[in-house]
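*Asks:* One structure follows; several queries about it will come next.
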Amino acid sequence: RIDAIVYVESATRPTLSRDLAEGLSRFLQVPVVGRVAVADHTVAPGQGAMNSAQRVAAVHRRYALAAQVPAGAVLLVDDQLVSGWTLTLAAHLLRAAGANEVFPLVLAVQS
């Protein structure tokens, strides 16, 4: 059972994750409660890709949670999985904001 949906903003596909989250919201009849928003536009997508420590630092600077997260299960929607750090940070933010469980849904995996 999913209680809420949160999506990750994308600089390269600005409407894809939001549109998918809204469609899932209608289908599952659960609300989209917000997003993991790009908070620092000076950090480019993929910045810090030289190593894992630099990548997680860049992702941490780039994103912030803009959502009212209920206690319960949250579906986290993202357009693409590259390193996994965006989903890891987003799940951490959602758990810190009160989500009991976070279920990621990604449209594509870059290998």
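*Asks:* Which of the residues spanning region 92-111 are surrounded by fewer than 19 Cβ atoms within 10 Å (Cβ to Cβ) and touching a Pro at 6+ places or on another chain (Cβ under 8 Å)?
*Replies:* Answer for region 92-111, where residues must be surrounded by fewer than 19 Cβ atoms within 10 Å (Cβ to Cβ) and touching a Pro at 6+ places or on another chain (Cβ under 8 Å): just Gly98.
*Asks:* Here is a follow-up. The conditions are (1) in contact (Cβ under 8 Å) with a residue 12 or more places away in the chain; (2) more than 23 Å from Val30 (Cα to Cα), and Asp79 fails exactly one of them. Which is it?
*Replies:* (2)
*Asks:* Moving on. Go over the candidates Arg62, Arg55 one by one and state the one that is over 20 Å from Val32 (Cβ atoms) and touching an Asp or Glu at 6+ places or on another chain (Cβ under 8 Å).
*Replies:* Working: Arg55 fails: touching an Asp or Glu at 6+ places or on another chain (Cβ under 8 Å).
Residue meeting the stated conditions: Arg62.
*Asks:* Hey, can you tell me all the residues within region 1-26 that are more than 12 Å from the chain's Cα centre (by Cα) and among the hydrophobic types (A, V, I, L, M, F, W, C)?
*Replies:* Ile2, Ala4, Ala11, Leu16, Leu20, Leu24
*Asks:* Can you tell me how many residues within region 4-51 are open to solvent by 60 Å² or more (accessible area, probe 1.4 Å) and at pLDDT 90 or above?
*Replies:* Adding up the residues that qualify gives 11.
Conditions (1) over 14 Å from the mean Cα position of the chain (by Cα); (2) of a type in the set (Lys, Arg); (3) on the phi < 0 side of the Ramachandran plot; (4) modelled with pLDDT of 95 or more, marked per residue:
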site	(1), (2), (3), (4)
Tyr63	no, no, yes, no
Ala67	no, no, yes, no
Gly84	no, no, no, no
Ala91	no, no, yes, yes
Leu107	no, no, yes, no
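*Asks:* With the structure loaded, tell me whether Leu76 is open to solvent by less than 20 Å² (accessible area, probe 1.4 Å) and in contact with a helix residue (DSSP H, G or I) (Cβ under 7 Å, 6 or more places away or on another chain) or whether it fails that test.
*Replies:* Answer is yes for this residue.
*Asks:* Right, something else. Tell me whether region 27-49 contains one or more residues that are under 11 Å from the mean Cα position of the chain (by Cα) and among the aromatic types (Phe, Trp, Tyr).
*Replies:* no
The values are calculated or read from the model by the stated rules, or taken from the named source; none is laboratory data. Quick caveat, the model's predicted, so the values are computed rather than measured. FYI the Cβ positions are ideal-geometry reconstructions off the backbone, even for glycines, and counts take in every protein chain you see. Just so you know, the surface numbers come from the protein's heavy atoms only, side chains and all, with ligands and any DNA or RNA stripped out. Shrake-Rupley method; radii C 1.70, N 1.55, O 1.52, S 1.80 Å.
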